[in-house]
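A.B. asks: Take a look at this one; I'll ask things after.
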Ligand code: GLN
């Protein structure tokens with residue numbers, strides 16, 4: 001803990017990954033644990049971790065990087081936080097993010113812009129950019145992020161770390177501030193597959209407080225991949241739609257060479273198709289914005305966070321609190337989300353999106369009849385300069401093309417580092433997708449390839 005805190009002190013002025021540092025509490029806990037002695041029964045005994053600021057940690061601010069929650073301090077731990085604590089992990093603080101997890105660069109935070117540790121003039125990705133930058137710069141050994149449409153995998157790719165989005169329902173969302181409830185999943189960002197497997201084993205499991213939590217056995221992912229040495233018998237599917245036009249040459253080259261390595265290690269590589277991929281961005285942004293507009297209705301100036309002190313009526317209280325509390329991107333999404341759910345438009349937009357979502361899921365189910373793992377780039381390009389895309393939301397949305405289908409389908413996927421791009425010299429990430437509740441196979445593949 002002391003080593004991480006001194007690393008934070010040295011790097012944080014440039015990286016700006018952290019919104020709240022709970023150094024004293026962490027040190028006290030570490031000292032108490034030292035005094036009691038190591039506990040082999042606790043898988044994460046003494047491991048320092050950082051938590052995305054969308055996840056409630058008791059007695060620490062949970063702001064979602066939004067002014068509307070600036071002074072909100074939850075009195076309870078999210079389910080995954082209680083599990084981390086039980087396993088002996090030590091929480092160092094809360095990591096920066098795009099406001100309410102809306103974004104792909106962490107530039108939408110109301111408080112600070114996080115820098116990519118590999119090149120501080122570039123973004124760390126988003127929305128879990130603080131978590132990814134913290135792991136990449138050695139501020140902690142693991143971090144939690146959330147992934148609604150790529151927010152764990154894309155920042156992991158941009159910062160050269162590993163990030164896994166578990167199957168929908170694998171990790172309880174109790175205590176996570178909701179963005180798109182049917183898409184959100186919590187997952188770890190780590191330095192390698194073994195650490196991700198340990199973290200995932202701890203945070204997974206059924207929770208009656210989240211009605212979408214799956215009553216499934218949780219394998220010991222860490223033990224399941226510990227002995228993995230080669231990829232004999234594994235069939236990797238390469239979807240045409242992820243390897244063609246629109247992908248930077250350096251990204252394709254780095255991912256291709258990882259696939260070549262997989263082949264040398266015994267994997268069989270086959271072409272597959274995810275034909276509805278061109279509709280994924282439109283579908284995702286209708287579903288996500290609709291759900292966000294509904295979830296964010298609770299921030300009304302009455303129940304949580306910022307309340308306009310100068311309002312003269314109830315309506316003015318809502319109006320002033322929400323217009324001052326939410327940032328631009330959040331407002332844009334509330335407006336569009338409300339529009340697509342409104343009477344007369346629901347059938348044209350939301351219902352249609354729900355139907356296309358079903359087709360996107362079916363693409364994956366069909367592909368998994370031909371392969372065990374689906375593989376492609378995480379992002380069409382490496383980390384871009386801060387400010388380059390912030391004025392062009394549509395361009396930013398389009399950059400999510402390779403990550404969002406997985407959330408629409410509810411399936412597990414990870415991004416692993418596959419080297420530096422030959423032009424940008426920035427980290428490149430490659431994704432591995434698996435069938436529902438088979439996180440083991442993608443973690444094992446990443447471990448062998450890593
Ligand atoms: N970039 C996507 C969005 O802005 C995904 C964000 C996320 O996964 N939270 O919605």
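A.B. asks: Explain nothing, just the number: relative contact order of the chain, from Cα pairs under 8 Å at least 6 residues apart, as a whole percent.
C.D. replies: Rounded, it is 18 percent for the chain.
A.B. asks: With each pseudo-label sitting 7 Å past Cα toward Cβ, what's the residue 9-residue 423 distance in nm, one decimal?
C.D. replies: 4.3
A.B. asks: Something else: For the range 53-73, list residues with backbone N below 20 Å from a point placed 7 Å from the Cα of residue 112 toward its Cβ?
C.D. replies: Output list for this probe position: 53-57, 60-73.
A.B. asks: Hey, another quick one. Given points 7 Å out from each Cα along the Cα-Cβ axis, report the residue 120 to residue 270 separation in nanometres with one decimal.
C.D. replies: Output for this residue pair reads 5.0 nm.
A.B. asks: Pull up the DSSP beta bridges for the range 134-288 and report the antiparallel fraction as a percent, rounded to 5.
C.D. replies: Antiparallel bridges make up about 65 percent of those DSSP assigns within the range 134-288.
A.B. asks: Suppose R0 equals 60 Å. What FRET efficiency, 1/(1 + (r/R0)^6) with r the Cβ-Cβ distance, do residue 226 and residue 312 give to the nearest 0.05?
C.D. replies: That pair, residue 226 with residue 312, gives E of 0.40.
A.B. asks: Once you have a ≥ b ≥ c as the square roots of the Cα gyration tensor eigenvalues for the range 208-321, tell me rounded if a/c is under 1.5, and otherwise prolate or oblate according to whether a/b is larger than b/c.
C.D. replies: Prolate, since a/c reaches 1.5 and a/b exceeds b/c.
A.B. asks: Quick one: work out the % antiparallel among DSSP beta bridges in the chain, nearest 5.
C.D. replies: 65
A.B. asks: Report the Cα centroid-to-centroid distance between the range 334-390 and the range 72-136 in angstrom, as an integer.
C.D. replies: 23
A.B. asks: What's the ranking of 241-250, 91-100, 441-450 by average number of surrounding C-beta atoms within 10 Å, highest first?
C.D. replies: The peptides rank, most packed first, as 91-100, 441-450, 241-250.
A.B. asks: Also: Can you give the extra length, in nm with one decimal, that the chain gains between residue 339 and residue 369 once fully stretched, where that is 0.36 nm per residue apart less the Cα-Cα distance?
C.D. replies: Gain on stretching residue 339 to residue 369: 7.0 nm.
A.B. asks: Okay, next question. Per the Debye formula with a single identical scatterer at each Cα and no solvent contribution, what log10 I(q)/I(0) holds for the range 175-265 at q = 0.11, 0.14, 0.21, 0.25 Å⁻¹?
C.D. replies: Per q value, in the given order, log10 I(q)/I(0) is -0.54, -0.84, -1.13, -1.20.
A.B. asks: Give me the one-decimal nm value for the distance between modelled label points at residue 23 and residue 294, 7 Å along each residue's Cα-to-Cβ direction.
C.D. replies: Distance between label points: 4.4 nm.
A.B. asks: Please give the contour-minus-distance gain from residue 398 to residue 32: 0.36 nm per residue of separation, less the Cα-Cα distance, rounded to one decimal in nm.
C.D. replies: Residue separation times 0.36 nm, minus the Cα-Cα distance, leaves 126.9 nm.
A.B. asks: For the chain, just the Cα set please: Rg and Dmax, both in angstrom.
C.D. replies: Radius of gyration, then largest Cα-Cα span, for the chain: 20.8, 70 Å.
A.B. asks: Express in nm, to one decimal, how much length is gained between residue 211 and residue 263 on full extension, taking 0.36 nm for each residue of separation and deducting their alpha carbon distance.
C.D. replies: Stretched out fully, the residue 211 to residue 263 stretch lengthens by 14.6 nm.
Every number here is computed from the coordinates shown, using simple stated rules; none is lab data. Not measured: the values here are computed from a predicted model. Here the Cβ is made from the backbone with ideal geometry for all residues, glycine too, and neighbour counts use every protein chain on show.
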